[in-house]
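Have a look at the structure below before the remarks.
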Amino acid sequence: MPVSPAVVPYQKAPSIFMGMLGTESEPSMGTRCSSSILAQNVTRVSEFQLLSLSEDPDLQPILFGLFLSMYLVTVLGNLLIVLAVSSDPHLHTPMYFFLSNLSLADIGFISTTVPNMIVNIQSHNELISYVGCLTQMSLFAIFICMDYMLLTVMAYDRFVAICHPLHYTVIMNPRLCSFSILVSFLLSLLDSQLHNLMILQITNFKNVEISSFFCDPSVLLNLSCTDIFSNNIGKYFLAAVYGLLPISGILFSYYKIMSSLLRIPSLGGKYKAFSTCGSHLAGVCLFLGTGCAVYLGSAASHYPRKAAVASVMYTVVTPMLNPFIYSLRNRDIKRALRRLIFVPMESDCNVCGKMQ
């Protein structure tokens with residue numbers, strides 16, 4: 001069990017948890033460390049205070065029902081895609097193999113944050129233990145990085161399918177597909193452990209209030225009063241490796257895809273080729289767009305509650321919409337879902353008819 005670091009003697013800032021969306025005055029997200037912090041007698045951190053989306057008692061049942069329904073829709077939708085892909089032999093292709101893994105990652109992604117938030121809303125208690133916060137942060141980093149890596153691998157899959165269709169089955173063989181999933185998971189695990197290591201190096205926190213409804217790694221690092229320079233170097237290094245390299249791969253893949261599409265003479269051929277990667281492109285735009293908007297907005301905003309509400313789009317809405325993005329315009333998925341849902345019902349009806 002990790003040793004809890006020290007924290008400055010803590011005084012709760014007034015009105016930080018008052019109002020919805022910053023209707024009351026809220027403090028800035030970046031309070032400064034005291035110059036005498038290292039000379040003070042400090043206590044041990046045993047728990048953190050998460051930010052609630054609202055302190056209005058009338059809104060608590062609404063928020064509880066809203067996030068519970070969004071969580072159930074997300075889990076059910078992604079689980080249906082996994083079952084549809086695994087049960088239909090026609091969908092045993094690299095594209096749908098990666099899609100089913102993306103759905104599993106989305107289930108893990110939303111399950112690290114929303115269930116804890118639902119319990120906090122119901123119990124009116126936003127406290128989380130130090131160990132629990134590190135665990136949530138680690139799982140969050142694994143699944144969000146896994147999402148990003150899988151989107152990159154899926155972009156490469158679409159690049160091979162459109163630019164090298166005759167060699168698609170040779171290049172995207174089962175061994176390469178399995179190896180891609182394994183590498184994505186190991187890189188995600190490494191990212192999680194590097195974040196964990198940086199947090200464990202923090203010996204003094206400026207506050208125990210986390211300006212988010214979950215233990216966001218970037219928010220936790222901003223609470224550090226020691227080794228700020230090394231933490232910033234670590235953050236920039238991880239952002240460069242895990243941010244710029246995957247998005248460079250995605251952009252390069254779509255650059256090659258667009259170049260190939262422009263060489264197709266017929267408009268119908270262009271549409272047919274692009275339709276195979278339209279859902280993936282929409283998923284990438286949703287994932288990266290909401291992520292960049294949240295983190296750029298939180299860096300510019302002085303109101304933590306507004307940033308926390310905005311992060312709901314990134315952590316809750318994105319994994320909920322993914323099943324709809326990948327299934328609404330995909331005939332293969334819709335056919336497999338109908339076969340998965342209605343065929344067992346028809347079989348039951350036939351059995352009941354024979355019994356009568």
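The values are calculated or read from the model by the stated rules, or taken from the named source; none is laboratory data. Computed from a predicted structure; not experimentally measured. In this analysis, Cβ positions are derived from the backbone assuming ideal geometry, glycine residues included, and neighbour counts consider all displayed protein chains. Only protein heavy atoms, including side chains, enter the accessible area calculation; ligands, DNA and RNA are left aside. Shrake-Rupley method; radii C 1.70, N 1.55, O 1.52, S 1.80 Å.
Annotations for the structure displayed:
- For the pair C292 and L262, the difference between a 0.36 nm per residue extended length and the Cα-Cα distance amounts to 7.8 nm.
- More than 16 Å apart - percent of Cα-Cα pairs taken over region 219-262: 55
- Virtual spin-label span in nm between C163 and S178, 7 Å along Cα→Cβ: 2.7
- Principal axis dimensions, region 105-175 - Cα atoms, whole angstrom, descending: 58, 21, 16
- Protection proxy ranking of 246-258, 230-242 - average other beta-carbon atoms within 10 Å, highest first: 246-258, 230-242
- Extended-chain gain in nm, criterion 0.36 nm per residue less alpha-carbon gap, F229 and Y255: 5.7 nm
- For q = 0.11, 0.12, 0.19 Å⁻¹, Debye-computed log10 I/I(0) when each Cα of region 107-264 counts as one equal scatterer: -0.57, -0.65, -1.15
- Remark: region 159-248 carries 50 Å² of accessible area per residue (probe radius 1.4 Å; ligands, DNA and RNA excluded).
- Taking amide H atoms as placed 1.01 Å from N in the peptide plane, the amide H of E47 lies under 5 Å from those of Y130, each 5 or more residues away in sequence or on another chain.
- Stokes-Einstein D for region 42-103, Kirkwood Rh over Cα pairs, 10 °C, 1.306 mPa s (µm²/s): 104
- Per the Kirkwood formula applied to alpha carbons, region 57-175 shows a radius of gyration over Rh ratio, Rg over Rh, of 1.12.
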